[in-house]
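The values are calculated or read from the model by the stated rules, or taken from the named source; none is laboratory data. This is a predicted model, so every value here is computed, not measured. A quick note on method: Cβ atoms are made from the backbone with ideal geometry, for glycine too, and the neighbour counts reach across all protein chains shown.
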């Protein structure tokens, strides 16, 4: 017969349906982000003019251009993402007990989704789309990407915490190396930000050959976005030091989590990202490769968030491993 404590814990575990919904919402958000990358890569950000939330001042589009269809689709899917985040939060609040860590993560996801909508609206209203060379565009894009990654982190944590059978309450976990794990995620976030700026440079200042691209980077007449493209691969290589620290910490952690499978996945994703990055440079960043690279970055980020959560939030009292 199960003990009273085990029965109580079983009652606190969210339903499998809620757990599946949380992962589905995360997957949907990644799809929306990829479509947003397509909007930027194809220069379709001005497809709806400076109107927001309407597109060219109307709801229904008559004989729309391709860029209008791309941008309008992104707006529709982004609107659906907001309601899915709110639905996940409400279901999490109703389907978990007070003190469940997924509650805070789901609320944070809604807050970041709101910020994402506001940032997207100002992006259009300020005209920082398509081929805009405004000096505000780069820092604004960096802010936008930072919020996007924090949003993905919140959704990932929500899904991960909902799936835990142990250590999902704030009173039943102990912190292990939180500063180190947060530092790793911050460095990886910087890799993402510099990557988005490099992609913007490729969009605004496309090169016709690899030699021309290298010439652009060392030319005094080139804009800073082009001359600073090297910072993305440089920071990406530098981030390996921190990533290997996290992997080592996860593999040598003795306790509840068995991190070998997840650590191996992170290593594979990391290798794939470096290969895609090299191909991006050699092939002059075609749109399909930029989107593939972005997909890999999002999946790697989500995997690192789960690994960091395992390292920092370890159950105090546990039985068998999950």
Inset, instruction - Filter segment 273-283 down to the residues that are within 18 Å of the chain's Cα centre (by Cα) and crowded, with 17+ Cβ neighbours inside 10 Å, then identify the one that is nearest to residue 161 (Cα to Cα). - result: 273
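Going by the structure shown, is residue 305 part of a helix (DSSP H, G or I) and surrounded by 17 or more Cβ atoms within 10 Å (Cβ to Cβ)? Outline the logic, then answer.
On the way: part of a helix (DSSP H, G or I): yes; surrounded by 17 or more Cβ atoms within 10 Å (Cβ to Cβ): yes.
Considered against the rule, which asks whether it is part of a helix (DSSP H, G or I) and surrounded by 17 or more Cβ atoms within 10 Å (Cβ to Cβ), residue 305 comes out as yes.
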Legend entry - Restricting segment 12-22 to residues that are buried (at least 17 other Cβ atoms within 10 Å of the Cβ) and touching a helix residue (DSSP H, G or I) at 6+ places or on another chain (Cβ under 7 Å), the residue that is farthest from residue 118 (Cα to Cα): 14
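Conditions tested, residue by residue: (1) within 30 Å of residue 176 (Cβ to Cβ); (2) modelled with pLDDT under 90; (3) part of a loop (DSSP other than H, G, I, E, B).
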site	(1), (2), (3)
208	no, yes, yes
211	no, yes, no
215	no, yes, no
221	no, yes, yes
225	no, yes, no
256	yes, yes, yes
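For (1) touching a residue at least 40 places away in the same chain (Cβ under 8 Å); (2) more than 24 Å from residue 28 (Cα to Cα), each residue gets a yes or a no:
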residue	(1), (2)
131	yes, yes
139	no, yes
151	yes, no
155	yes, no
161	yes, no
172	yes, yes
189	yes, no
201	no, yes
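Looking only at segment 248-267, decide whether some residue is within 26 Å of residue 35 (Cβ to Cβ) and free of Cβ contacts under 8 Å to residues at least 40 places away in the same chain. Reasoning before the result, please.
Going through segment 248-267, the residues within 26 Å of residue 35 (Cβ to Cβ) turn out to be 265-266.
Still in the list and also free of Cβ contacts under 8 Å to residues at least 40 places away in the same chain: 265.
There is at least one residue in segment 248-267 that is within 26 Å of residue 35 (Cβ to Cβ) and free of Cβ contacts under 8 Å to residues at least 40 places away in the same chain.
Could you tell me whether any residue of segment 108-118 is under 27 Å from residue 316 (Cβ atoms), in contact (Cβ under 8 Å) with a residue 12 or more places away in the chain and surrounded by 15 or more Cβ atoms within 10 Å (Cβ to Cβ)?
Filtering segment 108-118 for residues under 27 Å from residue 316 (Cβ atoms) gives 108-109.
Adding the requirement that they be in contact (Cβ under 8 Å) with a residue 12 or more places away in the chain leaves 108-109.
Adding the requirement that they be surrounded by 15 or more Cβ atoms within 10 Å (Cβ to Cβ) leaves 108-109.
Within segment 108-118, one or more residues are under 27 Å from residue 316 (Cβ atoms), in contact (Cβ under 8 Å) with a residue 12 or more places away in the chain and surrounded by 15 or more Cβ atoms within 10 Å (Cβ to Cβ).
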